[in-house]
Amino acid sequence: MNVFAEAMRQRIRDARTALAAARAAGDAYETAMAADELDDALWLARRHGIDPDGEAPVAGPA
């Protein structure tokens, strides 16, 4: 697994979580900040050909 790709996917997951929490709290400022972070992370992932919803590889038998 490409370390950069997995780091980008984690950044996107974190941004989605932060956005959901900000929306649930009704915090307009945090919602805007989280939405901007998510947009940036998705843009960067697309620019590098990374599927933002890609799965981490499954470990094979030991």
All conditions in (1) open to solvent by less than 30 Å² (accessible area, probe 1.4 Å); (2) in a helix (DSSP H, G or I) are true of GLU37 except (1)
_Any residue at all in segment 2-10 that's modelled with pLDDT under 95, in a loop (DSSP other than H, G, I, E, B) and surrounded by 15 or more Cβ atoms within 10 Å (Cβ to Cβ)?_
no
Contact list, first residue from segment 46-58 and modelled with pLDDT under 85, second anywhere and open to solvent by less than 80 Å² (accessible area, probe 1.4 Å), beta-carbon distance below 7 Å, six or more apart or interchain, is GLY54/ARG9; ALA56/GLU6
Within segment 17-34, the residues that are in a helix (DSSP H, G or I) and surrounded by fewer than 17 Cβ atoms within 10 Å (Cβ to Cβ) are THR17, ALA20, ALA21, ARG23, ALA24, ALA25, ALA28, TYR29, GLU30, ALA32, MET33
When segment 12-38 is checked residue by residue, the ones that are of a type in the set (D, E, K, R) and under 22 Å from ASN2 (Cβ atoms) are ARG13, ASP14, ARG16, GLU37
Residues of segment 40-53 being surrounded by 15 or more Cβ atoms within 10 Å (Cβ to Cβ) and assigned to a loop (DSSP other than H, G, I, E, B), in sequence order, are ILE50, PRO52
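The values are calculated or read from the model by the stated rules, or taken from the named source; none is laboratory data. Please read these numbers as outputs of a predicted model, since none were measured by experiment. Quick reminder, even Gly has a Cβ in these numbers, built from the backbone with ideal geometry, and neighbours come from all protein chains shown. Ligands, DNA and RNA are stripped out before the accessible areas are found, and what is left, the full protein with its side chains, is counted by its heavy atoms. Shrake-Rupley method; radii C 1.70, N 1.55, O 1.52, S 1.80 Å.
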